[in-house]
Amino acid sequence: MMAKRFLPLWITTGLLIVLFIIGSAQFEGFGSLRVITNLFSDNAFLLITALGMTLVIISGGIDLSVGSVIALSGVVCSVLITQYQWHPVAVFALVLPLGTLFGALMGVLIHEYRLQPFIVTLAGMFLARGLATTISEKSVEIDHPFYDAVSDFGLLLPGNAWLDASSMLFALLLIVIVVIMHFTRLGTNIYALGGNEQSAVLMGVPVKKTTISIYAASSFLATFAGIVFTFYTFSGYALAGVGVELDAIAAVVIGGTLLTGGSGFVIGSVLGVLLMGIIQTYITFDGTLSSWWTKIVIGLLLFFFIVLQKLLNRNNKLHA
Amino acid sequence: MPVVLELKNISKTYPGVKALDDVDLTLYQGEIHALLGENGAGKSTLVKVMTGAQRKDEGIGQVLFNNQSYDFKTPAEAQLAGISTVYQEVNLLPNLTVAQNLFLGHEPRKYGLIDYKNMLVQSEQLLSRFKLSIDVNAQLSSFSVAVQQLIAIARGVAMSAQVLVLDEPTASLDADEVQTLFAVLNQLKAEGVAIVFITHFLDQVYQISDRITVLRNGKQVGQFLTSELPQAKLIEAMLGKELQHLTGHQRECESPTNSQEAILSLSNVSAKGSIQSMNLTVGKGQAVGLAGLLGSGRTEVCKAIFGLDQLTQGDITFTNNRLTISQPADAINAGIALCPEDRKTDGIIGPLSIRENIALALQARLGWWRYISKAQQEELAQFYIDKLQIATPDADKPIEQLSGGNQQKVILARWLAIEPMLLILDEPTRGIDIGAHAEILTLIRSLCEEGMSLLVTSSELDELVALANKVVVMRDRHKVTELSGSELTSQHVMQAIAEG
Amino acid sequence: MKSISNHQKPAVSDSPVSARLSEQELNAAKNARYQAGASNNWGRYLWPVCALIILLVVNLVLDPSFFSLSYQDGRVYGSLIDVLNRCAPVALLAIGMSVVIATGGIDLSVGAVMAISGAVCANLLLTPDVALITVLFVGILVGIIAGLVNGSLVSYLGIQPIVATLLLMVAGRGIAQLINQGQIVTFQSDSFAFIGVGNWLGLPMPIWIVVGMLVVTQLLLRKTALGLFIESVGCNASASRYLGINDKAVKLFAYIIAGVCAALAGMISAANIQGADANNAGLWLELDAILAVVIGGASLVGGRFSLLLSVLGALIIQTLATTIIVSGLPAKFNLLIKALVILMVLLLQSEKFRKQLNGLFSTKTSNNKFGEAQ
């Protein structure tokens, strides 16, 4: 029984390892620690976003607004730092609570007015992107000593691999989220909500509080991802992060989380992002393969995992 | 003994149906109180009102808990106050582990984090009371329904401070498990917990309960001491005795003989998880009743004939042809129609108009290409509105706005429009107010007189006896016996149900 | 059936039906009749039409020449025509989307399907000896295949619509790029370009295509029983199955319609720019299409649908965009305003919000009454 729950996770891990071995055998420099650290630093913002998306999807919802929230967060940061000369830390202290509030409001709409998460977060997606473009249509550069200091911060690993600050931050967030999901009542309630909302209500789960917390957390993480993204690009741009919500959802599914909710692991989504990243890396190393293969392969992977989940679930029902 | 919980003059109205009508319930400390009644009598609704899952009608009645007036808005509030409930369908979370299910909302914590070690120990202790030794870290869905039911009860026991409500807790348990459960209940009773016990197993009622409250059609029939109420009297209270006077003279569509031509016959039919080796014959123009308590398999027989449950063995013969039915459309094409038990989810297409609801079955049979024009739909609907006296200002009203009785008439009309040879009526009078009740019965009787073959299930035995030429009694998904002719009285049916 | 006409009774003023109704029931019934009548005829059109008129009036105020039309070179010119022409792709998508949403589903893949059909047509046009009719046929075939894929996943594999169509949304754009080999494939074909930039009877071709598709779909759904089956399945799939309706086939059919609409929209966009851009063709248009259906007043849970209202929704979105440009506000406000519009429509559709509004409204009126009495 345990094996079944973890099966998609093992498959993702297996694919990851197999692809890494194939890549290492085929290309020089692929099988290095550096490729791995780059995988983390290039995808840090997506990894952080995927953490939030996992919570939402485990609870049986969906959050389409994350890509736009990333852009909004980046634009606000860059404008405040560059045009208003705020200190980055002060900016983050303002932006993070605001982002969280944004998500909490979506949660309120979803719970109080019984609206579908899909359409509410779609509105949130337009709203955040709209706010971002209204604030600044052009990409705003960030040039601040704090940013330089942060980008110099890191850990030099053997093989010239560089573990940067955003990867470390991600690791920290990952630990926090895993603890929340598996060692707090909130985490259990999120799983409960995704399992069966009606039963959860009858068993006394505080649905309102949980729903609001979930969307607040997702937006918080997306805002955080937006900040991390500014460290990656040294700028904020209203059109950044377009389509990130799809990548995040794909990563969550490939990581073995059930899209109908109730089952899945945060760590799975991390593996999902890494798998998508390593496919990208493989295609880059290969040079002859075109970039669109990434999308097609991810589509096929999605199909495979969705059908796999369907089959696993069918068996589950027979047992019951 | 002091009173713990007192419900006074509780009513609950759903659109179109009065589910509870002025019901009282008094619960003493340290008693086991059986709440009895047939399907749709209002037991589950009463439990839901008692535990905050549903709100009672405003303005009338009150809930007194420890002599204080309460109005629970959510199950969480009731739980917090000390009333915990185990619902009829296992309302646990299949995706969580056993331990998580047992302690959801009450997890033992250490430094603010869930203390899994402690939870594990407590879970195992709790389950050992029920003689269950299972891996509490395994997912709930990996266990059988019986085990899940025991876990649900264990959860209720773990949380119950003062009142524990058990809705059909023994439905999926075997004899040993039931005895274990009863031992735990007696222990709790000794500790002063008040237990409300809902069941349809009457022998269990006599074994465990101290007092009995009987509901019927949303009304309270009475409150009795178990020791002073013989089983026959109890069944009478549950099924209603006033109808017994009617049974003699109302069998109007008397079938000529039993040797008449069969229109439908089931031989040795089994379906996965529903019925076992069922044999049944319905003669041409005959009305056959299916009797049995909840879960006896009567609904499942209807579903199997209509192609909703896949057969695992046996044959269905209809008008001398062996039927292979894989979906309702096949059954309908053969000439079989079904008025389902659950009108809301399987019967009405709520937001659509009466006109469309009546025309749809005929339209489905004609196929998408041969469209019944709006004018023809209107004509068809108006015809049946008049013929069946459906109370509505016009045919364009959404069906969900009608009362239960009128909804049922629309569903009947829908099937009459395709002129089926066999009409299956699964609980045709469930949740229908008393006036419309009689109308529906008259209607069914007239169909029978016109020569339509009927298969009717009902928990109202007198109704069944009055309608049917033959009643098939079911128990535990088996046919127990067939009654017809002079044997066919509600007393005999009751006996067959009670004794097996 | 044969006896229907015989049973037609003359209308009697004191019919037994009304005699059996209590006064209360009658009142309730009257209200319901009023509501039902209203929702069938006027009520559903009221708000979208009002919104459109208000927007148009705002445009007129901002730009007095907004309604002026001129006739030149066999074609009518004017801002109104531009609005109609520009909203064509979204209107087409909205037609298909309303059918899918009526079954209780959703189709996220239509934007990607647009890209695929555009790419397929562009590449066929570059292939020598391919007749135009073949190109059109194959383009539509792409839509049918996409619909079959989506519909089978939803109906026969039982995958949630959002998830099932997400697959093609992600992979579809990759497929389009694969067909185009990562390039923007341009073509020179005046006859194909005609469907995007041509004129017929004085109006741009895309407008005619939308009108044509609207009429064809409307006839197909409302002059056969398909429309009724779709609504029935959307309202209650289980009860529909009990009625003998093949709910799976009905859903499959809905996704095919959506696919065909998307393919047509893709061909228009390709014809417009005389090229196929796999990255940007139809990008995010699925969201606009869903929005159009929602503005048209359809519920996302499924049930009743109106193709005309969805097209009206698409028109409102486009007019709104034009209004923003006309008003001199930077185009960047477009998204922001769109978001606020969705939120408003959503809240108005929510029962609880309406109750809260009514609550505010009724306390005010009762205060007034009180005031008057004094």
Using the structure shown, decide if C:I195 is within 30 Å of C:S70 (Cβ to Cβ) and not in a loop (DSSP other than H, G, I, E, B).
yes
Among the numbered criteria (1) crowded, with 22+ Cβ neighbours inside 10 Å; (2) more than 14 Å from chain B (Cβ to nearest Cβ), which one does A:I212 miss?
(1)
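Conditions tested, residue by residue: (1) surrounded by fewer than 23 Cβ atoms within 10 Å (Cβ to Cβ); (2) basic (K, R); (3) touching a residue at least 40 places away in the same chain (Cβ under 8 Å); (4) assigned to a helix (DSSP H, G or I).
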| residue | (1), (2), (3), (4) |
| --- | --- |
| B:E400 | yes, no, yes, yes |
| B:V410 | no, no, yes, yes |
| B:W415 | no, no, yes, yes |
| B:I418 | yes, no, yes, no |
| B:I424 | no, no, yes, no |
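If a residue counts only when it is away from chain C (no Cβ under 14 Å), which helices (runs of 4 or more DSSP H) contained entirely in region A:220-320 have at least 1 such residues?
The qualifying helices (runs of 4 or more DSSP H) are A:266-286, A:292-319.
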Are there any pairs, at least 6 apart or on different chains, whose C-beta atoms fall under 8 Å, with the first in region A:17-31 and modelled with pLDDT under 90 and the second assigned to a helix (DSSP H, G or I) and among the aliphatic types (A, V, I, L, M), and if so, which?
A:G29/A:V35; A:G31/A:I21; A:G31/A:A25
Per the filter on region B:323-368, residues among the small types (G, A, S), part of a helix (DSSP H, G or I) and more than 7 Å from chain C (Cβ to nearest Cβ) are B:A331, B:A334, B:A359
Would you please name the residue that is farthest from the chain's Cα centre (by Cα), looking only at residues in region C:157-183 that are farther than 20 Å from C:G96 by Cα and more than 9 Å from every other protein chain (Cβ to nearest Cβ)?
C:Q183
Region B:117-164, residues that are surrounded by fewer than 20 Cβ atoms within 10 Å (Cβ to Cβ), within 14 Å of another protein chain (Cβ to nearest Cβ) and outside any helix (DSSP H, G or I):
B:I134, B:D135, B:N137, B:A138, B:S144, B:A161
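For every residue, the table says whether it meets (1) assigned to a strand (DSSP E or B); (2) modelled with pLDDT under 85; (3) on the phi < 0 side of the Ramachandran plot.
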| site | (1), (2), (3) |
| --- | --- |
| B:S270 | yes, no, yes |
| B:S274 | no, yes, yes |
| B:L280 | yes, no, yes |
| B:G289 | yes, no, yes |
| B:L293 | no, yes, yes |
| B:T299 | no, no, yes |
| B:C302 | no, no, yes |
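Residues checked against (1) under 30 Å from B:I358 (Cα atoms); (2) assigned to a helix (DSSP H, G or I); (3) open to solvent by less than 30 Å² (accessible area, probe 1.4 Å); (4) of a type in the set (V, I, T):
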{"position": "C:A249", "(1), (2), (3), (4)": "yes, yes, no, no"}
{"position": "C:I257", "(1), (2), (3), (4)": "yes, yes, yes, yes"}
{"position": "C:I268", "(1), (2), (3), (4)": "no, yes, yes, yes"}
{"position": "C:A271", "(1), (2), (3), (4)": "no, yes, yes, no"}
{"position": "C:A292", "(1), (2), (3), (4)": "no, yes, yes, no"}
{"position": "C:V301", "(1), (2), (3), (4)": "yes, no, no, yes"}
{"position": "C:N334", "(1), (2), (3), (4)": "no, yes, no, no"}
{"position": "C:L346", "(1), (2), (3), (4)": "no, yes, yes, no"}
Restricting region A:110-139 to residues that are more than 22 Å from the chain's Cα centre (by Cα) and part of a helix (DSSP H, G or I), the one farthest from A:A71 (Cα to Cα) turns out to be A:E112
What is the residue count in region B:372-381 for residues that are under 12 Å from B:S353 (Cβ atoms) and either open to solvent by 20 Å² or more (accessible area, probe 1.4 Å) or outside the structural domain of B:E300 (by TED's automatic domain parsing) (or both)?
2
Given the condition surrounded by fewer than 19 Cβ atoms within 10 Å (Cβ to Cβ), within 14 Å of chain B (Cβ to nearest Cβ) and not in a helix (DSSP H, G or I), answer yes or no: does some residue in region A:1-24 qualify?
yes
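Residues checked against (1) in contact with a helix residue (DSSP H, G or I) (Cβ under 6 Å, 6 or more places away or on another chain); (2) among the hydrophobic types (A, V, I, L, M, F, W, C):
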position	(1), (2)
C:G196	yes, no
C:V211	no, yes
C:L219	no, yes
C:A237	yes, yes
C:V250	yes, yes
Residue check for B:Q100: in contact with a Pro (Cβ under 8 Å, 6 or more places away or on another chain), within 23 Å of A:T184 (Cβ to Cβ) and either of a type outside the set (F, W, Y) or not assigned by TED's automatic domain parsing to the domain that holds B:L173 (or both):
no
Pairs with Cβ under 7 Å, 6+ apart, first in region C:53-80 and farther than 20 Å from C:G198 by Cβ and free of Cβ contacts under 8 Å to residues at least 24 places away in the same chain, second among the aromatic types (F, W, Y) and open to solvent by 50 Å² or more (accessible area, probe 1.4 Å):
C:L60/C:F67
Please work out which one of (1) open to solvent by 40 Å² or more (accessible area, probe 1.4 Å); (2) out of contact with any Lys or Arg (no Cβ under 7 Å at 6 or more places or on another chain); (3) modelled with pLDDT under 85; (4) not hydroxyl-bearing (S, T, Y) is the condition C:R33 fails and give its number.
(2)
Please work out which residue is farthest from B:P108 (Cα to Cα), limiting yourself to region A:167-190 and to residues that are touching a residue at least 60 places away in the same chain (Cβ under 8 Å) and open to solvent by less than 20 Å² (accessible area, probe 1.4 Å).
A:S167
Residue pairs qualifying under the 8 Å Cβ cut-off, at least six apart or on distinct chains, with the first in region B:354-368 being in contact (Cβ under 8 Å) with a residue 12 or more places away in the chain and the second being open to solvent by less than 10 Å² (accessible area, probe 1.4 Å) and among the aromatic types (F, W, Y), are B:A361/B:W415
Checked against (1) more than 25 Å from B:S446 (Cβ to Cβ); (2) assigned to a loop (DSSP other than H, G, I, E, B); (3) facing chain C (nearest Cβ under 10 Å); (4) not β-branched (V, I, T), B:D309 satisfies every condition except (3)
Strands (runs of 3 or more DSSP E) completely within region B:30-109 that count 1 or more residues being within 17 Å of A:G204 (Cβ to Cβ) and within 22 Å of the chain's Cα centre (by Cα)
B:83-86
Of the residues in region B:82-102, those that are hydrophobic (A, V, I, L, M, F, W, C) and either facing chain A (nearest Cβ under 9 Å) or open to solvent by 30 Å² or more (accessible area, probe 1.4 Å) (or both) come to B:V90, B:L92, B:L93, B:L96
I'd like to verify a number: residues in region C:152-169 that are touching a Leu at 6+ places or on another chain (Cβ under 7 Å), open to solvent by 20 Å² or more (accessible area, probe 1.4 Å) and under 18 Å from A:T294 (Cα atoms), how many?
1
I'd like to verify a number: residues in region B:426-468 that are touching a Cys at 6+ places or on another chain (Cβ under 6 Å) and open to solvent by 10 Å² or more (accessible area, probe 1.4 Å), how many?
1
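The values are calculated or read from the model by the stated rules, or taken from the named source; none is laboratory data. Just so we're clear, the structure is a prediction, and the values are computed from it rather than from any experiment. We place every Cβ from the backbone using ideal geometry, glycine too, and count neighbours over all the protein chains shown. With ligands, DNA and RNA removed, areas are computed over all heavy atoms of the protein, side chains included. Shrake-Rupley method; radii C 1.70, N 1.55, O 1.52, S 1.80 Å.
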